[in-house]
Every structure is written in structure tokens, then in C-alpha cells.
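One structure below.
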Amino acid sequence: MSRRAHAEPDPYSFGSRPYDLVKEFVIALVAVVVLTVVLAAAFSSPDVKAMTIAAWATNDPGDFTTTALAELDSSSTTAGYGPPYNSAAQGQKLGPLAIAKTAGVTHPIDTVDAFVLKPLASVPQNPEVVAAIGAWNSANDDQHAAWTSAYSTALGKAGGDPTKVTPGTYGPVPLMLAQLLNQAQAGSLEGQLMSENGFYHSDYTLPLMFLADGSDLAAEAQTQHLTGTQWGMMNEVGNFPGQPWLAPYTFWYQISPYKTSGNGDALVWGTMGLVGAVLVFVPFIPGLRSVPRLVPVYRLIWREHYRKQKRAAEG
Amino acid sequence: MTATPATPHLVFAPPVNLSGHGHYLHWGFVQISAANIVMIALIGAVFLAALFLPFPKPKGRDGK
Amino acid sequence: MTDLIETTTLPEPTPDPEPAGGWTGALRRRIFETMPPEQLLPDTQPAYVASWIYVFGVLTLTAFLTVVGTGTVLALKGAAWWHVSGTGHYVNSLHLWSVELFMTFMSVHLIAKFFMAAWRGKRALTWITGVIALGASAFTALTGYLVQQNFDSQWIATQAKDGLNSIGVGAYFNPMDFGQMLIWHVALLPLVVSVIVVLHILLVRRRGVVPPLPVRARDEADTPAPEVRA
């Protein structure tokens, strides 16, 4: 039954006791620092090395080549992403609200240019590669599509291994991608992708998007239990504790409609926005704000106070 | 074959090595790491301890 | 001797149609009226503050200060230090575990304050600032993960971008932009969280610790009832 809110009594109307606020603070600070020092010494912290494009290209040249081809024929995840990278898709919607589309393409990525043509153009190439790039640049879109489509089919049939692809009409595509693979394996591709933004770089969007378009980053995440279907948002590598407080957030991704909807991310954020609003406005929500009275944890907390009141009433 | 990063790169080995393969518990569609269960259990234990542990009374006064 | 005392005694303040001191005086009076020093730093507390559950506020605060302190040490040597130095790695571990303690103590503090219905008696804003602090802390932790410069950062950045992009936030806040994330994590968000925490604590001092829930849920005024049942 809801009650009208009424004034609470003055905190000191039930008596007081002397109390050293600063001493309590100092004791708590010392205790927390000591606990931190001990925990850090006992357990340390995780540091799984970053996956480099060089390592990816060296250990899995098939996946690298398949990904580079997908960037070239605009079939990669990045190429078809939509805002904020391009207009290939509409972006997710929250109900009728197309917020992503409204926010716009603020970080444009042309995958053909960014991931293939510019890195190839950034280093001196031998005459065959120069000719291949020239052939690509002078061909039209239909020709591009024909080459990449044919090569994609052939690469698929070769199990992703470019060395096993049967001869065919692929134009300059195999040579361009093979040279890109060389650059990647030599370790220069990350630097080339980063320097597309100039001398100073602190934005890792291009190398990260390229890596994420491949399979190896996700495969390692799967091994470490970090993927979405593994409740990965809550987890940390190895046996380190993760973020259990993210359980309410990652939970939604495990159930329909969030799991299956194309707008799953937006739906989860919308739901969490509601949950957050409920938590913020608990004091004003009838029913919810009465739960503390119904679940008598408070009787434990203030048991001394109630005992004193009872004695005073009886005595 | 995946491009697996090196195992965690530590200069010294901590007494308790948490860098090994993670242990996970499965319950229906719920998956939770052993480490997280320990954290949640600790939060619960600390909460219950705070509720039930007797609090020192003020010396020589009944606090009224 | 008496004359000496009289001449050194300050005159009693008299009501003045035009208070002295201009804006400075007005601000000073406003501050001390709202928060007298004895209220800001009291040396007594209500008698009903008699449970260990009450220490989790100060434990959360001191854990927060430890997080900031260890983070400051990491900032001295820069973002890459902990990958190449054993000392740096240990400081990173201090930073990680102080965050784990911070989140643990804050969770207990939140649960406790909920079951105490601590928003009663004009304390709704105290509750609200606390919840906002929780959200801001979680967001700060996200940016922390993003600036580790290891596999975790790579994965979290490429995953978080999808969620953020879906609601248009990713157009302006790019988890893959290390430069942006580092400044948010080290400068912007700690400042925001600190301001919220200070407001939260000032509100606790202003309103005092919430009194116990009355044992019987009645509509009468909450003065100590003569017939209290345990």
C-alpha cells in the first residue's frame, strides 16, 4: 500500500555518540591501500599481447587474403557497416528512431582505398605490381566486380589458400593482394594504415577494423571466453575476475529478440537506458521504493536502535 | 590456424597465477567464470558479514 | 583587565539592509549557512549509526582515491610503461585491484542504501548522484580497458564500437581512437566522477544520515512511537 511521503525526523532526535570522521577515513584509506598492495602482489594483472597484422598475415595468410579481398570488393563487415563509416547500410534503429543514421558518417572509410590501394601506393613497388595497380585504377566498376567475384569463388574453392588457386580471369587482383600480404607479413601495414591520417597518429580505427574484419581476432576472443554468446562482456582473459556488474547488460544479448534482431545493440542500449532510469528514479517509483519496507534487511541494520526504543517504551 | 598472441608477458611470476586457461561454469544458457562467481560470492559474504557482525557499543554510555 | 577584554571582543553582527562584502560576502554567507563547519566535519553521529554496513561509503571513497593515486603513478610514465617494466606492471596491478575493491565496496554500498530506503527525507538527490556516480565509474572503467594497448583493448574496442554506433554515440566517441580514449580516461572522466562524488558527499553531510525506517508502516509522523514492536 503506498503512503504519502512525510518528513523524516531529525537524525539527532534519537541521541548521538562521539565519532571521529577523519580517523575513520584514515583507517579506511590505510586498510584499502594495504589490501590493494596484497592483492596486486598475489594476483598481478593480465596482459595478453595485442594481435599484430604481421602475426595475423604470417600465421594465417589465407584469412588475411580473404579479408583483403573482401575489402577490395566491398563485401567486408566494415564495407557494409553503415554509419559512422559509410552509407552502405542504414545503421540500427531504436523503434522508429534512426539515431545512428542521424548522427551521420563522421569517420568515413572507403575500404578499397583505405585497406588496399593506399597501402600499396605508400611503398615503392616493382614494375609488375605498378602495372597491376594501374590496371585496377583504369578499369570500371563492372570489371572490378567481375575480377573480385571470380577470385573470391576460386579462393573459396582453394580453402582460402592463395597458393592453391586455379588459374583464371582475375585481372590484377591476385598480384595486388599478394603484395599486400608481403607488406603485412613484413610488419609495415599497421604503420601504413596509421599514417593515412598524417605524421602523428593516435587513432587505431583502420588497423583495428581491418583486423576485426578477419577471423583471427574473434577466434582468439572465443578461446578467451570473451565473445557475446559466451557472456564475454563480463569476462577477463585467463582466470582473472572480470566485470560481474555488467551481467545485467550482457544478459539481454543472450535472449530474443535482442539475440536475433538486426537492431539488437540499439535495443539493448534502449533497455539498459530504461533500467538505468528506473534505478535513478527509484525514490519516486511507487512499489519499487516500498521494497525496503517489505524486505526487512533494515531490521538487522538498525536492530540496536529498535531494541533501545522498545526498552525506552517499556521502561 | 589462428595468430595466437603470446601467453601473458610477466616479468615476475605472481604467487597465484591467474593467467592460465579460464574456468567457466555453465547453467542452461548462463555462462559465468569461476573468478566472477568468487567475486559475487565475496560481495554477498561481505554484505552479510556487515549486517550480522556485532558493532562495538560506545564505551561507558548507552548511546542515548 | 575587563576593559581589555571588552575592547578585543568583536561586535555582535546586526541585521543590515545592505549586507557587507558584495558578491564575496554573499557567497561566504551562503556557504556557511548551507554548510556550517560543524556540519561539514562533525564529531558526533546519530546514535542509530551502529552497524558495519555504514563503513562502505568511506571504503568506496578511499578505494576511489587509491584508484586515482595509482592511476596518477601510471600517468607519470605513460601508457606503454607497464608493458616494459616490472615495476610498471605492479603499479598496473595496484590500479586493477583498487578498481575491483572500488566496484565491490560500491556494490555493497548501493545494495545497503537501497534496503535502508536512504532516499527518504529529501535525500532523493543523494541517491540520484550515487547512481550517476556508478554509471560514470563503469564508463570510466570502459575507457580504462580501452587504453591498455593489449589484446583486451583490441577486442573491447571492436566490440564496444558496435553498441555505441547503434545509438549514434559512436559517431563522436570512438573506442578505437586511443588518443581520445586516453584523455577521457585520464583527465575528463576522473574529473567528472570526482565532481559527482564531492556533490554526493556534500549532500550526505547536508541532510545527515537517514533515520531508521519506522518499524510499523503507519501514516503518523515518524517520531519515536510509544508502542514500537520489534
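Read-outs throughout are calculated quantities, based only on the coordinates presented, and are distinct from any laboratory measurement. Every value quoted in this text rests on a predicted model; they were computed, and no experiment measured them. Here Cβ is always computed from backbone atoms with ideal geometry, including for glycine, and neighbour counts include all displayed protein chains.
Are any of the pairs A:K310/B:K57; A:K310/C:K113; A:K23/C:K77 more than 22 Å apart by Cα-Cα distance, and if so, which? Write out the running numbers ahead of the final one.
Values: A:K310/B:K57 17 Å; A:K310/C:K113 24 Å; A:K23/C:K77 33 Å.
Violating the 22 Å Cα-Cα cut-off are A:K310/C:K113; A:K23/C:K77.
Just want the ordering: C:F173, A:F284, from fewest to most Cβ atoms lying within 10 Å of their own Cβ.
On the way: C:F173 17, A:F284 12.
Placing the least packed residue first, the sequence is A:F284, C:F173.
Give me the Å³ per residue figure for the convex hull around the C-alpha atoms of region A:264-315.
Working: hull volume 5.5 nm³, N = 52.
Cα convex hull per residue, to the nearest whole number: 105 Å³.
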**Item:** Proportion of all alpha-carbon pairs of region A:224-280 beyond 14 Å (%)
**Value:** 57
**Prompt:** When the helix-only estimate is applied to chain A (DSSP H runs of n ≥ 4, each -39,500 (n - 2.57), divided by the residue count), what is the mean residue ellipticity at 222 nm, nearest 500 deg cm²/dmol?
**Reply:** -15000 deg cm²/dmol
**Message:** Students often forget the sequence filter, so: which lysines lie under 19 Å Cα-Cα from A:K259 once same-chain residues fewer than 8 apart are removed?
**Reply:** A:K93, C:K161
**Asked** Once you have the alpha carbon radius of gyration of chain A, what is it after dividing by 2.2 N^0.38 Å, with N set to its residue count?
**Response** 1.51
**Item:** Potential lengthening between A:A146 and A:I27 on full extension [0.36 nm per residue; Cα-Cα distance subtracted]
**Value:** 35.6 nm
**Request:** Determine the relative contact order of chain C: mean sequence separation of Cα pairs under 8 Å and six or more apart, normalised by residue count, in whole percent.
**Result:** 20
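What average count of beta carbons from other chains do you get within 10 Å of the Cβ of residues in C:119-129?
On the way: counts 7, 7, 7, 3, 2, 7, 1, 1, 6, 6, 1.
For peptide C:119-129, the averaged partner shielding equals 4.
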**Fill in**
When chain C is treated as a Gaussian network with springs between alpha carbons less than 10 Å apart, the largest mean-square fluctuation among C:P211, C:P190, C:P37 is found at C:P37
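Per-residue Cβ counts within 10 Å, from other chains only, averaged over A:84-91: what number is that?
Values: counts 9, 4, 0, 0, 0, 0, 0, 6.
If you average over the peptide's residues, the count of other-chain Cβ atoms is 2.
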**Request:** Please check which bits of region A:12-32 a label hung off C:D43 would reach, taking the label as a point 7 Å along Cα-to-C-beta and the cut-off as backbone N under 15 Å.
**Result:** A:17-24
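By the scheme Lys and Arg +1, Asp and Glu -1, what is the net charge of all other residues having a beta-carbon under 11 Å from that of A:G62? Present the calculation step by step, with values, prior to reporting the outcome.
Values: positive: A:K164; negative: A:D60, A:D63, A:D161, A:D216.
Neighbour charge sum, excluding A:G62 itself: -3.
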**Item:** Peptide A:96-107 - average C-beta neighbours from other chains (10 Å radius)
**Value:** 4
**Asked** Sorted by mean Cβ packing within 10 Å, highest first, what order do the peptides C:193-201, A:240-248, C:28-36 take?
**Response** A:240-248, C:193-201, C:28-36
**Asked** Using a basic spin-label model with each label point 7 Å from the Cα along Cα→Cβ, how many nm lie between C:I201 and C:L125?
**Response** 1.8
**Request:** Could you give me the radius of gyration and the Dmax of region C:88-180, taking only the C-alpha atoms into account and expressing both in angstrom?
**Result:** 16.6, 48
**Asked** Between C:W52, C:W82, C:W127, which gets the highest mean-square fluctuation from a Gaussian network model of chain C, Cα cutoff 10 Å?
**Response** C:W52
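Starting from the eigenvalues of the Cα gyration tensor, five times each then square-rooted, give me the equivalent ellipsoid semi-axes of region A:155-198, largest first, whole Å. Numbers along the way, then the final one.
Details: eigenvalues 138, 26, 13 Å².
Result for region A:155-198: semi-axes of 26, 11, 8 Å.
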**Request:** State the dimensionless ratio Rg/Rh of region A:110-163 (Rg: radius of gyration of Cα atoms; Rh: Kirkwood radius).
**Result:** 1.00
**Asked** For region A:61-170, what percent of Cα pairs sit more than 21 Å apart?
**Response** 47
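Quote the Stokes-Einstein diffusion coefficient, in whole µm² s⁻¹, for chain C, based on the Kirkwood radius over alpha carbon pairs, a temperature of 25 °C and a viscosity of 0.890 mPa s. Before the final figure, lay out each step's value.
Numbers: Rh = 21.8 Å.
My calculation gives 113 µm²/s for D.
Could you work out the relative contact order of region A:224-280? I mean the mean sequence separation of Cα pairs under 8 Å and 6+ apart, divided by the number of residues, in percent.
Relative contact order of region A:224-280: 21 percent.
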**Complete:** For chain C, the helices passing both cut-offs (Cα extent along own axis of 15 Å or more, Kyte-Doolittle mean at least -0.5, full DSSP H runs) are C:56-77, C:86-115, C:124-146, C:189-207
**Request:** May I ask for the equivalent-ellipsoid semi-axes of the protein assembly as shown, computed as the square root of five times each C-alpha gyration tensor eigenvalue and listed largest first in whole Å?
**Result:** 58, 26, 24
**Asked** Where the centroid of each part is defined by its Cα atoms, how far is region C:24-102 from region C:110-144 in Å?
**Response** 15
**Prompt:** Hey, in the GNM for chain A with a 10 angstrom Cα cutoff, which one of A:G232, A:G214, A:G276 fluctuates hardest?
**Reply:** A:G276
**Prompt:** For region A:14-49 and region A:260-301, what is the separation of their C-alpha centers, rounded to whole Å?
**Reply:** 30
